[in-house]
Amino acid sequence: MNLALKDTLHAPTRFALTALGVAFLVMAVIGMIGLYRGIVEDALLIIDRIDADLWVVQGERAGPFAEGSAVAADMDRRVEGVPGVADVRRFTQFSQQFSFAGAPHRATVTGVDVPRDDGRWLSLAEGRWLGGSRYEAVADGSTGLKVGDRIQLARDVYTVVGLTRHMVDSAGDGLLFVGINDAAVIARRRTSEEIHLARAAGTGTSAVSADASSVAQDSKISAVLVRLDPAADPARVIAVIQRWGDVRVMTTGEQRDLMLNARLWKLRLQILTFTGMILVITAIVVSLIVYTMTIEKLHEIALLKLMGARESVVVRLIGQQAALIGIAGYALAVVLAWMIFPLFPRRVVMLPPDLAQIALVLALVCAAAAWVGIVRASQVEAREVLS
Amino acid sequence: MSGPSVLSVRSLTRHYATGAGPVRALDGVSLDVAAGELVGIFGPSGSGKSTFLMLAGLLENPTSGEVWLAGQRVSHAGADLDALREIRRRRIGFVFQKANLIPFLSAVENVALALEIADVAPADARAHGRRLLAALDLAHRAESLPARLSGGEQQRVAVVRALANAPPLILADEPTAALDRVRGRQVMEIFRRIAAAHGTAVVVITHDPRSTDLFDRIVHFEDGRMCAGKVEQD
Ligand SMILES: Nc1ncnc2c1ncn2[C@@H]1O[C@H](COP(=O)(O)OP(=O)(O)OP(=O)(O)O)[C@@H](O)[C@H]1O
Ligand SMILES: [Mg+2]
């Protein structure tokens, strides 16, 4: 008979509560790691998806995400003429507050170069991509907008023609795609009041204030995205463009690096520190639980030895009980995480490799705790039944 | 007495070092118990009865002297106690004042556990456990947890567990001390029956003078020594 299972079923409520406690700890670990993954994924979303080889940005600046950036309005035509460039698209992005249905909303207006940009790099959940006519917008679902909604941005009314899912900026604000010319108009026509509001809102102020004050005032284009000919040598193209002196050229890799190691460094460090802390707490609590279960059974263990049970019987009792706690806690944690985390305001990304690693760590913790328990049990002598 | 001794104890001595100097808990005891014999050990508190049982049951090593089981020397001053588990498993059954049943196992599971420890297949162990319980009028309690059993029932289950593997030797330390007169008598009668029916050697430590009529032999302990024993037949 399986002693571990018998003992567990003898006190099911207690086991359930213990497993639930372990589950919440493991869920916190899953959540922290998932939050980290989510923030990184959101931050890199545009950079990874927009399918650009090079970013032409304002000279001596690390724009447009880590710093504000503005390039000349005709920069796209200049870049297009460089040998090795397959195509170019203008790009701009800024935070914007607007009111809809009587309530204030936030979105990150992203100007895309329609019709040159056919939107194939993002998938629409609903509706259609920007058609090239003015005053159309594609919104992310997280902004709360729906297809057919009409919103006022600057002096004009825009119609939402399509919806995306999970397209947010590094602060978690939903993206609102509009044509690049519309975006320029919205950026230019933001009233002093709106700038004030955006500043008061706190997040995204760096982009806003940079937009508002320190960039070239004649242009609202922050970058030109370049796709290279397959045969082109990126280094040569970069060298040619940078020789102009007024722009800087960054690769997608450099943009990623800036985003993760400049813009998000402190946040990442903090989340990882907390993840480590929760892991340590989980390890301590799980060890204590397993060890306590062993201590509580010392009398039964002495009895087993008195009856002449082999050491393996005792080892199995402790090992299997630790495994039961670990497996039940983990399974419950995954189910809870899967049910609860989608309700969180920021995305929690649960990747199978992360879940597997958490399972591995938990298994190691349980094994270590069981080992300590087994060592303690091996010191028990049969005659202790009588004490 | 006929046949070889199931238990044979030679000049068994056990000293304990305490703060107040050495204690001679057991001081040169020799005793032979034959198959089918029911031996009662009487003696005042602290006379070394439990110490004797512990040494004879291979739970502790003697300071000097030897323990033989069925003609084989198993324990002496330098014996490896852990290696004696195997012998305990198949050759000795224990009963104590407390039943010491495993609280999360039913009566039949407690008995079956002893069988499974001795490598009986789980299904067979359970079936045999049930038969053994039925033989002691405990069939209706087979599925009960120990907490649901009366003290007398618990102790009878403990006895069934001790004899589950049909060991040639059963050692009992005050098995009836926690029971009333009727229940105590019941348990002692079980020992008597097992000894007679299976040829099991049974050694019972007791303070209860009312069951002296059941013993084949009674020995007295005093200050770690054995005094003159006498045979009483019923
Ligand atoms: N582990 C030990 N350490 C020190 N002294 C011990 C130890 N075990 C027993 N003794 C001493 O040995 C002596 C005999 O003890 P034992 O338990 O054998 O007596 P007993 O005859 O069983 O008594 P009782 O009838 O009260 O159960 C006692 O004086 C006791 O204090
Ligand atoms: Mg005693």
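Read-outs: derived from the displayed coordinates by stated rules, not from any lab. Computed from a predicted structure; not experimentally measured. Every residue, glycine as well, gets a Cβ built from its backbone with ideal geometry; the counts of neighbours run over all protein chains shown.
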From the option list A:336, A:362, single residue qualifying as assigned to a helix (DSSP H, G or I), of a type outside the set (Asp, Glu) and touching a Gly at 6+ places or on another chain (Cβ under 7 Å) is A:362
Of all residues in the range B:103-134, which are at the interface with another protein chain (Cβ under 10 Å from one of its Cβ atoms) and not in a helix (DSSP H, G or I)?
B:103, B:104, B:105, B:106, B:118, B:119
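Is the range B:77-92 home to any residue that is part of a loop (DSSP other than H, G, I, E, B), over 17 Å from the mean Cα position of the chain (by Cα) and acidic (Asp, Glu)? Explain how you work it out, then say what you get.
First pass over the range B:77-92, keeping only residues part of a loop (DSSP other than H, G, I, E, B): B:77-80.
Subset that is over 17 Å from the mean Cα position of the chain (by Cα): B:77-80.
Filter once more, so that each one left must be acidic (Asp, Glu): B:80.
Yes: one or more hits.
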Picking from B:32, B:80, the residue that is touching a strand residue (DSSP E or B) at 6+ places or on another chain (Cβ under 8 Å) and surrounded by fewer than 20 Cβ atoms within 10 Å (Cβ to Cβ) would be B:32
Taking the conditions exactly as written (more than 19 Å from the chain's Cα centre (by Cα), surrounded by fewer than 16 Cβ atoms within 10 Å (Cβ to Cβ) and among the small types (Gly, Ala, Ser)), does residue B:65 satisfy them or not?
no
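Given the condition of a type in the set (Phe, Trp, Tyr) and within 16 Å of ligand 1 (Cβ to nearest atom), answer yes or no: does some residue in the range B:211-225 qualify? Steps first, answer last, please.
Going through the range B:211-225, the residues of a type in the set (Phe, Trp, Tyr) turn out to be B:215, B:221.
If we keep only those that are within 16 Å of ligand 1 (Cβ to nearest atom) too, we end up with B:221.
Scanning the range B:211-225 turns up at least one residue that is of a type in the set (Phe, Trp, Tyr) and within 16 Å of ligand 1 (Cβ to nearest atom).
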State which residue is farthest from the other protein chains (Cβ to nearest Cβ) when the search covers only the range B:8-25 and only residues that are within 22 Å of the chain's Cα centre (by Cα) and within 16 Å of ligand 2 (Cβ to nearest atom).
B:12
Determine which member of the set B:197, B:164 is of a type outside the set (Val, Ile, Thr), away from ligand 1 (no atom under 16 Å from the Cβ) and more than 14 Å from chain A (Cβ to nearest Cβ).
B:197
Residues located in the range A:225-277, provided they are within 26 Å of the chain's Cα centre (by Cα), under 19 Å from residue A:75 (Cα atoms) and crowded, with 18+ Cβ neighbours inside 10 Å:
A:225, A:250
Just for the range A:315-347: of the residues that are buried (at least 23 other Cβ atoms within 10 Å of the Cβ) and within 14 Å of another protein chain (Cβ to nearest Cβ), which one is farthest from the chain's Cα centre (by Cα)?
A:317
Report yes if some residue within the range B:85-102 is facing chain A (nearest Cβ under 9 Å), within 29 Å of residue B:141 (Cβ to Cβ), without any contact (Cβ under 8 Å) to a residue 24 or more places away in the chain and in contact with a Gly (Cβ under 9 Å, 6 or more places away or on another chain); otherwise report no.
no
Residue A:332 - would you say it is closer than 30 Å to residue B:120 by Cβ and touching a residue at least 24 places away in the same chain (Cβ under 8 Å)?
no
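Determine whether the range B:61-68 contains at least one residue that is more than 14 Å from chain A (Cβ to nearest Cβ), out of contact with any Phe, Trp or Tyr (no Cβ under 7 Å at 6 or more places or on another chain) and among the aromatic types (Phe, Trp, Tyr). Even if it seems obvious, please write down each step before you answer.
If we filter the range B:61-68 for residues that are more than 14 Å from chain A (Cβ to nearest Cβ), which is where we start, we get B:63-68.
Still in the running and out of contact with any Phe, Trp or Tyr (no Cβ under 7 Å at 6 or more places or on another chain): B:63-68.
Right, trim to among the aromatic types (Phe, Trp, Tyr) and you get B:68.
For the range B:61-68, residues more than 14 Å from chain A (Cβ to nearest Cβ), out of contact with any Phe, Trp or Tyr (no Cβ under 7 Å at 6 or more places or on another chain) and among the aromatic types (Phe, Trp, Tyr): present.
From B:93, B:46, B:65, B:71, which residue is away from ligand 1 (no atom under 16 Å from the Cβ), of a type outside the set (Ser, Thr, Tyr) and on the phi > 0 side of the Ramachandran plot?
Values: B:93 fails: on the phi > 0 side of the Ramachandran plot; B:46 fails: away from ligand 1 (no atom under 16 Å from the Cβ); B:65 fails: away from ligand 1 (no atom under 16 Å from the Cβ).
Checking each option against the conditions leaves just B:71.
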Given (1) within 14 Å of chain A (Cβ to nearest Cβ); (2) within 23 Å of residue B:14 (Cβ to Cβ); (3) away from ligand 2 (no atom under 16 Å from the Cβ), number of the condition residue B:175 does not satisfy
(3)
